[in-house]
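Below you'll find the structure, written out as structure tokens, and then a few comments.
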Amino acid sequence: MTETQRVLIVDDHPLFRRGMVQLLQMIPGFQLVGEAAGGAEGLMLARELRPDLILLDLNMRDMSGLEVLRGLRAARLDMRVVMVTVSDSGEDVVSALRGGVDGYLLKDMEPEAMLEALQAVAAGRTVIPEQLNNLLAAALRSESRPQSVGAAGLTEQETRILEKIAEGLSNKQIGRELDIAEGTVKVHVKHILRKLDLRSRVEAAVWAVERMRG
């Protein structure tokens, strides 16, 4: 990661914000550009500051993180969003991922693990703690969707890209490995999600791990 990551923290707990500020100071290339004590203020600052990365609480008094996320997407703000929360509910994880978050992290993670996860997100990966993968997999199994690559009708190229998604690679990294343009990878990813009836890369990764490696 060579570019500076401009970060906005949106959380209504002052002590947690302070802890995140201290953690960010330990990550080379991360620059805090703003703090918001609620969702409405967070949306306003996101529009004003245009950060690269938003660390967003799920449960806030004025509006939920999911509502903030919808507001960001509706405003077509192109920034990465990581939900940082105390909730390890499968329903919350699925809702956040389907809302388009780039990561879902738990507030009780060890600082080293949090630091590593934020670096991974900045590098273009989608991050979810390993202990939440089982919850997500169970949620996907309970819904009706293709159970194999063949049933989904994935092409050879789409299958290769899905394997790379399962390895945690970003679109840019996949493009480099397969020698295709990043824009082409994005188009393939959209087709993969449609064919699998999924709405996020993380869901696709969990599906792939279960169906392609099991």
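The values are calculated or read from the model by the stated rules, or taken from the named source; none is laboratory data. All figures in this text were calculated on a predicted structure; none of them were measured in a lab. No Cβ is skipped: glycine too gets one built from the backbone with ideal geometry, and neighbour counts run over all protein chains shown. In case anyone asks, the SASA skips ligands and DNA or RNA and just uses the protein heavy atoms, side chains included. Shrake-Rupley method; radii C 1.70, N 1.55, O 1.52, S 1.80 Å.
In this Cβ point-charge picture (+1 for Lys and Arg, -1 for Asp and Glu), segment 1-72 has a dipole of about 80 debye about its Cα centre.
Relative to the dominant Cα principal axis of the chain, helix 156-166 is inclined by about 40°. Among Gly38, Gly150, Gly65, the largest mean-square fluctuation in a Gaussian network model of the chain, built with springs joining Cα atoms closer than 10 Å, belongs to Gly150.
A 1.4 Å probe run over the protein chains yields, for segment 19-171, 47 Å² of accessible area per residue, whole-number rounding. Rounded to the nearest 10 degrees, the angle from helix 201-212 to the longest Cα principal axis of the chain is 40 degrees. Treating each Cα of segment 150-214 as one equal point scatterer and applying the Debye formula with no solvent, the log10 of I(q)/I(0) at q = 0.14, 0.15, 0.22 Å⁻¹ comes out as -0.33, -0.38, -0.85.
Relative contact order for the chain: what percent, with Cα pairs under 8 Å and sequence separation of 6 or more? Kindly include the intermediate steps, with their values, before the conclusion.
Working: 321 pairs, mean separation 33.1, N = 214.
Relative contact order comes out at 15 percent.
May I have the count of lysine pairs in the chain with C-alpha atoms under 23 Å apart, counting pairs 8 or more residues apart or located on different chains? Don't skip to the end; give the middle numbers.
On the way: Lys164/Lys172; Lys164/Lys186; Lys164/Lys190; Lys164/Lys195; Lys172/Lys186; Lys172/Lys190; Lys172/Lys195; Lys186/Lys195.
Final tally of qualifying lysine pairs is 8.
Dipole of segment 104-214, Cα-centred, from +1 at each Lys and Arg C-beta and -1 at each Asp and Glu C-beta, to the nearest 20 debye?
Numbers: 16 positive and 16 negative charges, 98 e Å.
Its charge dipole is roughly 460 debye.
Across the accessible surface of the chain, with the other protein chains kept in place and a 1.4 Å probe, carbon and sulfur atoms take up 47 percent.
Compared with the dominant principal axis of the Cα atoms in the chain, helix 90-99 is inclined by about 90°.
Which value at 222 nm does the chain reach when only helices count, each DSSP H run of 4 or more adding -39,500 (n - 2.57), with the total divided by all residues and rounded to the nearest 500 deg cm²/dmol? Could the numbers behind the result be given before it?
Numbers: 11 runs with 116 residues, N = 214.
Theoretical 222 nm ellipticity from helices: -16000 deg cm²/dmol.
Taken over the alpha carbons of segment 35-186 as equal point scatterers, the Debye sum produces base-10 log I(q)/I(0) values at 0.08, 0.12, 0.14, 0.17 Å⁻¹ of -0.26, -0.59, -0.79, -1.12. Charge dipole (Cα centre; +1 on Lys/Arg Cβ, -1 on Asp/Glu Cβ; no other charges) of the chain amounts to roughly 700 debye. Placing +1 on the Cβ of each Lys and Arg and -1 on the Cβ of each Asp and Glu in the chain, which of Val187, Leu136, Phe30 has its Cα farthest towards the positive end of the resulting dipole? The one lying farthest along the dipole's positive direction is Val187.
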